[in-house]
Each structure stands twice: as C-alpha cells, then as structure tokens.
Amino acid sequence: MIGLQDGLVEYRTHFRWAVILICALLLVLVGRLFHLQIVKGRMYETLATVSHVVRERTIPPRGSIFDRNGKLLATDVEVSDLVAIPHNVTDPQAAVEKWMSLGVLDAAEAADALEKIIDGRQGARRFHSIVVKRNLVGTRCPNDLEPLRFDAMTGQMVCSRCGGSFVDQKAVVQAHLHEMKGFSLHSRMVRHYPAGAATIHAVGYVNEVTAAEVDDSNGVLKPGDVIGRSGLEKALDEELRGKVGEDVYVRSAAGSRIRPADLPEPFKDLKSFPPVPGRSVKTTLELGLQKAAVAALKPHRSGAIVVMDVDTGEILAMASQPTFELGPRLTVADREPPPLQVDYAPMMNKAVSSFPPGSTFKVVTALAGLMEGVIDSGTRTDCPGYYEYRNRKFRCFVRSGHGEVDLVDSLAQSCDTYYYRLGDLLGIDTIARYATEMFGLGQKTGIEISENPGVIPTEAWYLNSSKGYQPGFAINASVGQGDIRTSPLSMARAYAVLANGGRIVQPRLTAAWIDPDTGLEEPVATVVGATVQLHDRHRDLIERGLYGAVNTEAGTAYASRIRELPYSGKTGTAEAREYRKDAGPELQQWLKGDHAWFVALAPARRPRIAVAVFLEHAGFGGAVAAPAARKVIEAYYREHADEFIDLWEGFDSRPELEIVHEGPAPDQESGTDSSVDSGESVTASDQDGSQQPEKAGADDSQE
C-alpha cells in the first residue's frame with residue numbers, strides 16, 4: 001500500500017509539472033500571437049504586401065565635350081523605352097492593342113511585344129522587366145537626335161534638320177500609364193555627336209563594354225555600360241564617366257513601388273545614393289576651323305590636317321580622311337549608309353600616325369648644319385641635278401639642276417642636292433640628334449590621345465635591325481626619306497619650335513574641365529617639355545627660306561600664297577610606293593603615288609599657328625598639300641583677322657624677309673626628294689636592296 005501511495009504522489013507531481021509546462025507554453029504562444037497580431041500586426045500587414053527589395057544601378061550622365069567656344073561636340077541624350085513586368089500585365093492582348101491604337105506600336109512591334117509578354121509570364125522571370133518598345137520618340141529626332149519642335153498645325157513634332165514629323169510617343173505613354181497596369185517608362189542615356197563625322201577622330205566615340213572588360217574591372221563595370229573607345233572619349237574616360245549610384249527600393253506584391261514613408265521597420269534603413277555626374281570638358285578645338293580642315297581633305301582619299309597654336313600647344317583642328325559617321329539612331333534608316341572606305345583606313349587617325357615626311361624634314365638638317373658650323377649664310381652649293389656619292393648619283397628633283405644655291409634658296413626651292421651634301425657631311429647620328437633633341441621628332445608628343453611617334457633612325461638602330469647600316473643612309477635621311485617616320489602632329493610641333501623661339505610645347509586637346517555642379521571652368525595649363533637654344537641668326541635664315549617657299553616665284557608653294565597676309569611653309573613629297581595583295585587596279589595605282597606634305601607657319605611675320613597637311617599617295621606637296629593648307633589658313637584668318645590688323649598692310653617692308661630672286665624660276669619639283677636613274681644613280685634606300693623607280697621629270701610636277 002505504501003509503495004502504491006508513493007507512486008501516486010510521484011505521478012501527481014509529474015502531472016502538475018506537465019500542466020505547468022503546458023500552461024507556460026500556451027502563455028508564451030498566446031503572448032507571441034498577441035505580439036505578432038496586435039503589437040506588430042500593422043507592420044506585418046504591410047510586410048505582406050512586399051514582394052522584394054530592388055537594387056538598381058544608376059548610371060550618371062557622361063560629361064559633355066565642347067569646342068573652345070562652347071559649341072557642343074558630344075553629349076548624353078536621354079531616350080526612353082516602354083517596359084513591362086509580364087506577371088503584372090493582366091490582359092496582354094488588350095494591352096498591346098491599346099498601345100497600337102495610340103500609335104506607340106505598329107503591327108509588327110505589337111506582335112513581338114505580345115509574344116515577349118506571354119513567354120515572360122512563364123517561369124521564375126515573370127517579375128523581370130522586358131523591353132516592349134525601345135527608343136520612343138520624344139523631344140529628339142529619331143534620325144539625327146536633333147531637338148524637335150512642336151507644330152501646332154499638325155499636332156506633331158518636327159525636325160528642322162531632316163524635315164521629318166513624328167508623334168511624341170513618350171508623351172502618349174506618360175498620359176496612359178495610369179490605365180496600363182504592369183507597364184512603365186525606363187530612361188537611359190545615349191551618346192550624341194552634334195558635329196557628326198567632322199570631329200570623330202579627335203573626340204572619339206563610345207560603345208558597350210565586352211564580357212572580358214566586365215570581368216577585368218573588379219566590379220566597376222557591368223554589362224550594358226559604355227566606355228570610350230578612341231580619341232578624347234577614351235583618353236578622358238574615367239573623368240567623363242563619373243561614378244555609378246544605386247537606387248534601392250521595395251516593390252509591392254502588386255508590382256508598384258512602395259513609398260519610403262510607408263515602408264515597414266525592417267526596410268527603414270534601406271538607403272539609396274545618387275550617381276556622381278561625369279565632368280564635362282572644353283576642348284581646344286575650334287569647330288569652324290575643324291570643318292574647314294575636313295572640307296580641305298574632302299577631295300582626297302586619305303590624309304590628315306593638324307592646326308596647332310605655336311605658343312600653347314593647343315590643337316585648334318585635327319582632321320583625318322576618310323572619316324566615318326557614328327552615333328545612335330532611334331529608328332531604322334530609310335536607306336543603308338554608305339560603306340566605309342576600308343581600303344583607306346577610316347578608323348585610323350592619320351594626324352597621329354607616322355609616315356615619311358619628305359622635304360618638310362629639311363629644316364632639321366638645315367638647323368643641324370648651322371649649329372654644327374658645317375654651313376652658314378654664305379655657304380653655296382652647285383646643283384647640277386644630282387649629288388655624286390661613291391660613284392653613284394642621288395638625283396635632285398629638278399633634273400637640270402638648280403645651279404648655285406645658298407641655304408635660303410635651298411629651302412625655298414627645295415633643292416635636294418644641297419641637303420644630300422649636307423647630310424653626307426653631318427652623318428645620320430647628328431641628324432637624328434637634332435631631330436629628337438631640338439624638335440622632339442621620333443618621340444611621343446604627350447597629347448592625350450593615342451599616337452604613333454614614328455622613328456628617327458640612327459646608325460645603332462640600323463645595326464640592330466635586319467638591314468644593317470650603309471653610309472649612304474645619311475643622304476636619304478637628310479631629305480626625310482629612308483626609314484624616317486613622323487606624324488603630322490609631330491611636324492606641326494617641330495615647326496612651332498622655330499616659331500616660338502625654341503620651346504618644345506606639349507600638344508593638347510583639353511582646354512578646361514567644367515565642374516558639373518557649379519559650371520566653373522578649371523583651365524589646363526600649357527606644358528613645355530624642353531627649351532632649346534636657337535640662335536636668332538640661324539632661326540632667321542630658316543624663316544627666310546620658309547617665307548621664300550611660299551612667297552617668291554621660285555618657291556615650291558608660290559601658287560598657294562596669300563598676298564594680303566603672307567604665311568611661310570615647306571613642301572614635301574615622299575616616296576611611298578606600296579603593294580597590297582588582292583588590291584584592285586584602282587587601289588594599286590593609288591598605292592604607287594607619293595605622299596604629299598606641307599607644313600606652314602601663319603602669319604609669317606608673327607606666327608600664331610602651325611599647319612601640317614599630309615595627303616597619302618596624293619602626289620606632290622606643292623600641287624595638292626599646299627592648296628589644302630591655304631584653305632585652312634584662310635579660314636583661320638577670317639575668324640582672327642582683327643588679331644593681325646597691324647600686319648595686313650606693309651608686310652613686304654620687313655627687310656629680313658624681303659627676298660628677291662633674279663632670273664627665271666627653276667623647273668617645278670618632281671614627286672620625290674631622291675629619285676633614281678636606271679643603272680646610273682641610286683638612293684640610299686636602294687643600297688639595302690629595295691629598288692626605287694625613277695619619278696616623273698621636273699617639268700611635269702611640283703613638290
């Protein structure tokens with residue numbers, strides 16, 4: 001009995017504790033339910049409406065690019081897309097029919113949109129946005145992105161450039177979004193180049209990043225981002241691009257965005273941060289002068305023009321031919337654009353590419369001779385039409401010869417024989433030293449965009465190459481032939497050294513940065529790479545020679561002179577025969593031609609600009625390159641005439657530039673600086689096995 005009673009007591013004790021435990025659990029459960037339904041009920045009621053948290057990258061507007069006078073060269077333009085979340089579109093068929101009736105979608109677009117929405121409603125991506133219509137017409141012309149104006153007579157938007165008229169689709173969509181569940185507008189930026197092809201090589205262009213670039217960016221770039229691909233767009237990409245922001249928000253189960261004030265407690269701390277706009281930049285380019293350079297190049301298949309301020313290094317114009325159109329179109333073009341002239345390298349900026357400079361290089365040889373004491377103002381050379389070296393004759397372009405010439409005459413008339421002899425006396429290493437140290441040739445100029453600096457060969461350079469060195473190479477180098485390569489930009493800078501008294505300035509395309517918030521400009525300073533010692537008497541002799549080349553009857557560029565305000569310059573014609581496999585007859589014939597050069601300083605009395613013209617396989621410098629330079633210089637004079645008011649009259653009264661030549665003008669120069677007679681004469685380049693055919697006679701051509 002006692003054992004039974006003890007067991008009953010123990011059972012009752014266990015039961016009591018079980019009841020207490022159950023009651024405690026019930027109290028905890030009731031308390032939790034009270035907390036969830038009463039205390040936190042409103043919060044969880046709100047949470048029930050939440051679908052998910054959305055994090056969207058906010059791309060900042062890319063900085064704009066302007067010319068020196070504030071004219072727009074590149075900018076971001078906002079365009080809009082009609083997008084939809086398939087799950088939230090209750091009746092896809094009715095929706096696309098509605099957009100058709102409003103003129104937003106045509107039949108083909110409607111069919112495509114319906115298919116996308118129906119397919120999108122299946123699977124896990126039904127809550128993801130899809131693009132129903134890209135590039136809605138808004139305030140910009142869909143053909144050329146020019147601003148549209150509203151025509152009250154027709155009720156449509158009209159483009160003053162192309163003459164087209166359009167329905168403002170963006171306005172229509174905005175007016176009907178409230179009744180179209182699941183649809184919304186998405187804005188994005190596209191790059192617009194108002195000047196079109198005129199500035200594309202200097203300004204450059206942008207396009208979307210590749211998958212490899214995204215992988216290599218450490219999370220900075222995402223698919224769909226754009227980066228600069230050439231020109232200033234590439235060189236200044238980081239500053240122009242700005243910094244990406246993030247838009248963080250909560251979407252309701254119905255698909256709408258929940259206002260921050262209505263967000264439940266767990267989402268109160270969600271923060272968005274705005275993007276930092278890219279910095280805009282004012283370039284050194286002068287759009288009017290740039291267009292004049294483009295027009296001067298238009299008649300030619302390939303070439304480049306550079307206009308540089310001789311004191312600051314500012315590039316006022318940089319044009320390359322052929323060019324190409326680039327930029328977005330919001331509609332399909334009515335007709336195919338003309339094909340790119342791929343045979344003439346339209347994507348290549350020839351202003352910063354290297355080529356043999358021909359006789360424009362003679363100023364380097366002349367200065368080297370003067371500073372080394374090999375020649376002076378009284379040194380004269382007899383030109384019988386050739387220079388004999390080791391029983392071989394290097395031909396002057398004037399087959400009959402120039403007779404006796406001094407340094408000034410040799411530059412004005414471009415006498416090859418004078419420089420053959422001078423090059424023989426100096427040697428190739430001395431010529432190379434003056435080219436690099438005094439003029440900066442063969443070295444990068446420091447301009448912001450990519451460039452090919454070319455090469456100024458030395459004896460060591462040849463010994464390290466497969467060619468080996470031949471003594472006659474110095475003769476060819478003296479007239480800018482052989483393996484010498486330099487760019488139009490480098491030649492403009494080299495001539496600027498003569499004009500500014502020995503300062504090797506760094507060319508630049510950037511004039512000032514513009515603060516995106518204040519609009520204040522931060523000027524970019526002029527950089528002087530080095531200052532060289534030029535004796536005034538040496539510089540004066542070369543200036544007189546360059547003046548005579550343009551302004552005396554014997555000069556090789558006399559036909560392109562400007563009487564009212566003379567300029568100086570030097571013609572050049574460089575042998576450049578090429579052969580391309582599979583080239584057609586027309587292209588092959590073009591490849592046989594010489595490169596035409598002309599480098600000018602304007603005005604002659606007080607130079608402000610250096611103009612370098614290069615025309616690939618175009619013929620003779622005096623015949624084609626000098627006239628192109630004259631057009632550009634005339635355009636510059638038109639815009640800056642008031643700056644030279646004291647120079648328009650009485651220019652010829654300056655005695656040191658008043659060069660008078662007696663007797664008839666010599667024959668005009670042929671298309672090469674060092675030609676060959678079969679079996680009798682060779683150029684230095686022939687000594688390494690490359691045979692050069694003889695050019696046309698002097699009576700038929702002009703350097």
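Every read-out reported here was derived from the displayed coordinates using simple, explicitly stated rules and does not represent laboratory data. Just so you know, these numbers come straight off a predicted model, no measurement behind them. Virtual Cβ from ideal backbone geometry, glycine too; neighbours counted across all protein chains shown.
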Original post:
Which distance in nm do the two modelled labels at ASP515 and VAL244 give, with both placed 7 Å along the Cα-to-Cβ direction?
Top reply: 2.8 nm
**OP:** Excluding residues fewer than 8 places away in the same chain, name every one of the lysines whose C-alpha is closer than 26 Å to that of LYS581.
**Re:** LYS350, LYS467, LYS592, LYS695
**OP:** Assuming R0 = 22 Å, can you tell me the calculated FRET efficiency for the pair THR526 and GLU459, based on Cβ-Cβ distance, to the nearest 0.05?
**Re:** 0.05
Original post:
What dipole magnitude, in Debye to the nearest 20, does the range 72-194 give about its Cα centre under +1 on Lys/Arg Cβ and -1 on Asp/Glu Cβ?
Top reply: 320 debye
**OP:** Enumerate the lysines that LYS170 could reach by cross-link, defined here as Cα to Cα under 16 Å, with residues fewer than 8 away along the same chain left out.
**Re:** LYS98, LYS133
**OP:** Kindly write out, for the range 80-92 in residue order, the coupling ³J(HN,Hα) from the Karplus curve 6.51 cos²θ - 1.76 cosθ + 1.60 (θ = phi - 60°), rounded to whole Hz, with x marking Gly and Pro.
**Re:** 10, 10, 8, 10, 8, 9, x, 4, 8, 8, 6, 9, x
Original post:
Arranged from highest to lowest average of other beta-carbon atoms within 10 Å per residue, in what order do the peptides 471-482, 179-190, 76-87 appear?
Top reply: 471-482, 76-87, 179-190
Original post:
Over what distance in Å are the Cα centres of the range 493-539 and the range 121-145 separated?
Top reply: 48 Å
Subject >> Rel. contact order, % - alpha carbon contacts under 8 angstrom, at least six apart, the range 72-194 >> reply: 42 percent
